[in-house]
Amino acid sequence: MSYSLQFRDVFAAWEFLLDGLVLTLELSAVTMIAGLAIGLGGAAARVYGPRWLKTPVAIYVETIRNTPLIVQLFLIFFGLPSAGVKLDANTAAMIALSINLGAYSVEIVRAGLEAIPRSQIEAGQSLGLSGVQIFRYVIIFPALRLMFPALASQFILLMLATSVVSQISAQDLFHTASIVQSRTFRDFEVYIVVAAVYLALALVFRLLFAALYHFVFARR
Amino acid sequence: MIREFSFNDVLYLVAAMRWTLALTAIAFLGGGLVGLTVALLRVSAFAPLRWVGTIYVLAVQGTPLLAWLFVFFFGLSIVGVEVSPWIAAAAAYSIYAGAFLGEIWRGCLQAIPKTQWEAGASLGLSFTSQLRYIIVPQATRLAIPPTVGFLVQLIKNTSLAAVIGFIELTREGQLTTAVTFRPFTVYLTVAALYFALCFPLTQVARRLERRLHVAR
């Protein structure tokens, strides 16, 4: 049996796919910001916080990191309505992804914070800086520099993982692809094109993060 | 027909874990073979081989696993191969795991000081003998903790095979939801079962890593 690849139908639907791409980018951007915020807050709580705060953060991190993203999505999108919380697919996707990335970020940020030598903190103390000042002027910047590569690759993995939200019918790139597939029956072609788009996105994000690192950290 | 979510359903879910484990095992074996090849390509002395390894890793780590699953599930049938979810999943996961394991193991191979290679060379060992008798035994020790860590990742990601109809824990959860209409309870159970699989492994990986750092 011979088969010739036909991409015409797929490319004809480019505007439709573009809509999906926009949502994928939105989801990625919102989740990265939320994930970083959760990561910073959670890690600070885990490293410097009181015990009653440390334990819940640890439980949150371990629970999320040891269960699959798709199950977390299903629980929030399909499960929560029976508890009276109804969310549309895009919102549920955003929440689930943020919670997911947050847990991974806490671990990465924590490693960064703990890598700052104790003597640095003591130097701050001996200059009479307060706890907040030490965090702000002594710890956070070098810690961010240390955690940046790990955080960047986690962010890129997250961007790729946003494709999973198509399974709760959030209208992301992958979901629009499956709609194009069902309209044109060009299964293979659609997914090859979409995979190429994700690959391009991953490379672009990698370049952006490298540039960010260069401008923010490398010059000092 | 809607029926109650009973203890029997929990047992069915527990039973479905064996397919999650079976898929993890296949993915780990296939991924291990691919990963070993990738790691060796990437430390090769011949530059074009290194490029092949690099491009492979870049391509696989830059595309969603879901795309690989769909490409194999839908794509192979157009070249006339009848594809079952088993074959599609095994192929997609081997490719996916191969890239990540390859990167992990490359790091471990490269963590061995260059002087060890040179010591082997000065004893007149060939490249393969240096790898076999000097580098790999030392690198294996370094490789075990991150490999166990990746295994957790792999177990969690087998859940994606549910979308091509591969019946494992997550798919079984979907099916159970369809008949009991208790999504919250069902997915909470599913999540708990994944946790029961992954959490001990995470702890093992952490302990191994700590021991390694103490030993150095």
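Read the figures in this text as sums done on the coordinates, not as results from a lab. The model shown is predicted, which means the values in this text are computed figures rather than measured ones. Positions of Cβ are backbone-derived with ideal geometry, glycine not excepted, and every protein chain shown enters the neighbour counts.
Structure notes:
- Peptide-level mean, for B:160-172, of C-beta atoms on other protein chains within 10 Å: 2
- In summary, the convex hull built on the alpha carbon positions of the protein assembly as shown has an orientation-averaged projected area of 26.1 nm².
- For the stretch B:75-81, 3J(HN,Hα) computed residue by residue from phi via the Karplus equation (6.51, -1.76, 1.60; θ = phi - 60°) reads x, 5, 5, 6, 8, x, 9 Hz, glycine and proline entered as x.
- Equivalent ellipsoid semi-axes - Cα gyration tensor, the stretch B:7-215, angstrom: 37, 22, 11
- Shape summary of the stretch A:1-97, radius of gyration then Dmax from alpha carbon positions: 19.5, 68 Å.
- Bridging of A:Lys54 to aspartates and glutamates at a Cα separation below 19 Å is possible for A:Glu62, A:Glu107, A:Glu114, once same-chain residues fewer than 8 apart are set aside.
- Calculated FRET efficiency for the pair A:Ile33/A:Thr91, C-beta based, R₀ 22 Å, to 0.05: 0.90
- The helix-based estimate of mean residue ellipticity at 222 nm for chain B, built from -39,500 (n - 2.57) per DSSP H run of four or more residues and divided by its residue count, is -26500 deg cm²/dmol to the nearest 500.
- Karplus 3J(HN,Hα) series, Hz, for the stretch B:172-178 with 6.51 cos²θ - 1.76 cosθ + 1.60 (x for Gly, Pro): 4, x, 4, 5, 5, 4, 5
- Springs join every pair of Cα atoms under 10 Å in this Gaussian network model of chain A, and among A:Asn100, A:Asn66, A:Asn90 the largest mean-square fluctuation is at A:Asn66.
- Stretch gain in nm, segment B:Trp51-B:Ser126, where the contour uses 0.36 nm per residue and the Cα spacing is subtracted: 24.7 nm
- Listed residues B:Phe166, B:Phe150, B:Phe74, most fluctuating in chain B (Gaussian network, C-alpha, under 10 Å): B:Phe74
- Centre-to-centre, using Cα atoms only, the stretch A:161-220 and the stretch A:20-89 are separated by 21 Å.
- Residue-averaged beta-carbon neighbours from other chains (10 angstrom radius) around B:54-67: 6
- Note on chain A: GNM, Cα springs under 10 Å; of A:Ser153, A:Ser126, A:Ser182, the largest mean-square fluctuation is that of A:Ser126.
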